[in-house]
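Step one of this worksheet: look at the structure below.
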Amino acid sequence: MLNKVYGSAVFGVEAYTITVEVNVDNGIGYHLVGLPDNAIKESNFRIAAALENNGFRIPGKKIIINMSPADMRKEGSAYDLTLAIGVLAASGQIKAPHLERYIIMGELSLDGSLNPIKGALPIAIKALEEGFEGFILPEQNAKEAAIVKGLKVYGASHISDVIKHFDKNLELEVTAFDIQEEFAKALDQPEFDFADVKGQESIKRCMEIAAAGGHNIILIGPPGSGKTMLAKRLPSILPPMTLNEALETTKIHSVVGRLRSPSGFMTQRPFRSPHHTISDVALVGGGQYPQPGEISMAHNGVLFLDELPEFKRSVLEVMRQPLEDLEVTISRAKFTVTYPSSFMLVASMNPSPSGFFNDPSSPVTSSPAEMQRYLGKISGPLLDRIDIHVEVTPVPFEKLTEERRGEPSIVIRERVTKARTLQTRRFESINSVHYNAQMQTKHIRKFCVLDDASKALLKNAMERLNLSARAYDRILKVARTIADLEASNTINSRHISEAIQYRSLDREGWLL
């Protein structure tokens, strides 16, 4: 008897429907074909034990299982439930007249209980696109898949629940999910709040400008000055994610299997902080079986690189193309996959190997050769993609002991959101630009027009401070964002003078 069950394979961040054909015939043998990996080949032992412990069995006949399309590699243990239901239906042990209406996925334990799977959200999206009525999966993933409206999502804790759903007409409960409620919870409860930061008002201002324009930023300061503390709070002042952004972000984390939210839905912008020993592949993604890297996990959020010069130069250089294109394409001999990577880069570094550059009170100093070797790890092309360079100084004792709390993130976020709204209207006719940091040269000439006083100020600053040519466009972009925060249509000399302050690493004496 031949029976068909439907599962799904995730490749990149997209899902593809897999047809599992189970044929039970006279003879002996269990044959699984269609490019399964070792985890799927081992599934017959898990399935046999799970069925035996629940009053069923794998029949002692010739069983041929084909996973179609047969030329696409399938991997992982999430097909256990698909195969088990297929064997039971094909051997006549259960009645399943409407099996073709469902996508069925889940990993089996030996007692028949179901373990969570990866990629539930992209699978649910694909199931809806292809007209399936429902999606049966482990209950731990049910809320994640229930984000997709128009698809019935059934969460099951045990294989016996799935068997009763088909054989006894005891329908599983449909999982409900309220997206608006989840968004409302996240908006007013940031995990890290700028109100906790003592002092550092000028640096908070820089972070607000960076968030408002989507600018990449680097913080330079001695140990203990608060660089990491400030960086962790940046997501709390970014504009709230739209529904599409939340779905994109959740999909990537679902594929990797790292959804930490109990609701299975990411409503807060991600913050990724990889260690400086990270490899190129771990940062950008790839591997034998392609997986998203840290820059894709930070999509629509923040990627924080602490102690930037400590990262291997090759690791930093692979970020150049994703920073420009907002996506990363992994090409290998047998596949090509593209992951989104639209993130804000926040980096921090000490001003010297000792951490106390130009500090007369410090007992540790660095030689010119050590300084050159340390700062030379950061290439010019990478710095080209960082708009704001700001020096962070230690917080004085008086500020540390103040009882007064700082301005909360929610208040700062309101100003940032208003500035982003202005930018959205300005660039609505340009598909490739959504905020100021994405402007190309032609857009800068159009939207960053200077009056004579501002031009004279910028020219004077570039000559006296020895600013490089690459600083020119960056200053104009940042000045445009500062003007947007004030809801000003024009850029004036006050905006230019503030933007000039945020190019520390372009001044003579920093990078040698």
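Structure above, values below:
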| item | result |
| --- | --- |
| Area of GLU107 that stays accessible when all protein chains are in place (1.4 Å probe, Å², to 10) | 50 |
| Under 21 Å from the Cα of LYS232 - lysines, other chains or at least 8 residues apart | LYS185, LYS198, LYS204, LYS399 |
| Heavy-atom accessible surface of segment 118-214: percent carbon and sulfur, 1.4 Å | 45 |
| In Å², nearest 10: area of ARG101 left accessible to a 1.4 Å probe | 90 |
| Extension gain, GLN372 back to ARG470 (0.36 nm per residue minus Cα-Cα distance, nm) | 33.2 nm |
| Cross-link reach list, aspartates and glutamates versus LYS152, counting only Cα pairs under 15 Å and skipping chain neighbours closer than eight places | GLU100, GLU129, GLU130, GLU133, GLU139, GLU144, GLU171, GLU173, ASP178 |
| Surface per residue (accessible, 1.4 Å probe) for the chain, Å² | 45 |
| Extreme residue, positive dipole direction of the chain, given options SER409, ASN460, CYS448 (C-beta unit charges) | ASN460 |
| Histogram of C-alpha separations across segment 280-433, 10 Å bin width, % | 9, 26, 29, 24, 10, 2, 0 |
| Segment 186-296: C-alpha gyration tensor shape, a/c 1.5 cut-off, then a/b vs b/c | oblate |
| Exposure rank, largest accessible area first [LYS41, LYS251; 1.4 Å] | LYS41, LYS251 |
| Mean separation of Cα contacts under 8 Å, 6 or more apart, over the residue count of the chain: relative contact order % | 13 |
| Segment 114-248 - charge dipole about Cα centre, Lys and Arg +1 at Cβ, Asp and Glu -1, debye rounded to 20 | 560 |
| Rounded to 10°, Cα long-axis angle of helix 201-213 versus longest principal axis of the chain | 50 |
| Cα centroid separation - segment 391-431 against segment 61-137, whole Å | 48 |
| Extension gain (nm, one decimal) between GLU100 and MET1, 0.36 nm per residue minus Cα-Cα | 34.1 nm |
| Cα-only Debye scattering, segment 145-215: base-10 log of I(q)/I(0) at q = 0.14, 0.15, 0.20 Å⁻¹ | -0.68, -0.72, -0.94 |
| Near-label residues of segment 73-109 by backbone N, under 15 Å of a point 7 Å along Cα→Cβ of GLU52 | 109 |
| Spin-label pair THR490/GLU191, simplified geometry with 7 Å Cα→Cβ offset, distance in nm | 4.6 |
| Net dipole in debye of the chain [+1 Lys, Arg Cβ; -1 Asp, Glu Cβ; about Cα centre; nearest 20] | 820 |
| Order of exposure, largest accessible area first, which applies to MET1, MET344 with probe 1.4 Å | MET1, MET344 |
| Compactness relative to 2.2 N^0.38 Å, alpha carbon Rg of segment 367-512 | 1.21 |
| Segment 147-161 - phi-based ³J(HN,Hα) in whole Hz, Karplus 6.51/-1.76/1.60, Gly and Pro as x | 4, 6, 7, x, 10, 7, 10, 10, x, 10, 9, 8, 4, 5, 5 |
| Top positive-direction residue, dipole computed over segment 1-134 with Cβ charges, set ILE28, ILE117, HIS98 | ILE28 |
| Accessible surface ranking that places the most exposed of GLU208, GLU133, GLU248, GLU428 first, with a 1.4 angstrom probe | GLU428, GLU248, GLU133, GLU208 |
| Shape category assigned to segment 265-333 from the gyration tensor of Cα positions, a/c cut at 1.5 | oblate |
| Residue-averaged 222 nm ellipticity for the chain, from DSSP H runs of 4+ at -39500 (n - 2.57), nearest 500 | -10000 deg cm²/dmol |
| Solvent-accessible area of TYR30 with every protein chain in place, 1.4 Å probe, in Å² to the nearest 10 | 60 |
| On Cα atoms only, tilt of 120-129 relative to the major axis of the chain in degrees | 70 |
| 23 Å Cα-Cα reach of LYS334 towards lysines, excluding residues that sit fewer than 8 places from it in its own chain | LYS41, LYS74, LYS118 |
| Segment 401-455: C-alpha gyration tensor shape, a/c 1.5 cut-off, then a/b vs b/c | oblate |
| Pair-distance profile P(r), taking every C-alpha pair of the chain, with 10 angstrom steps and integer % | 4, 17, 23, 21, 14, 11, 7, 3, 0, 0 |
| Dipole of the chain [Lys/Arg +1, Asp/Glu -1 at C-beta], most positive-end residue of LEU316, VAL5, SER43 | LEU316 |
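The values are calculated or read from the model by the stated rules, or taken from the named source; none is laboratory data. Just so we're clear, the structure is a prediction, and the values are computed from it rather than from any experiment. Every residue, glycine as well, gets a Cβ built from its backbone with ideal geometry; the counts of neighbours run over all protein chains shown. Protein only, heavy atoms only, side chains kept; ligands, DNA and RNA dropped before computing areas. Shrake-Rupley method; radii C 1.70, N 1.55, O 1.52, S 1.80 Å.
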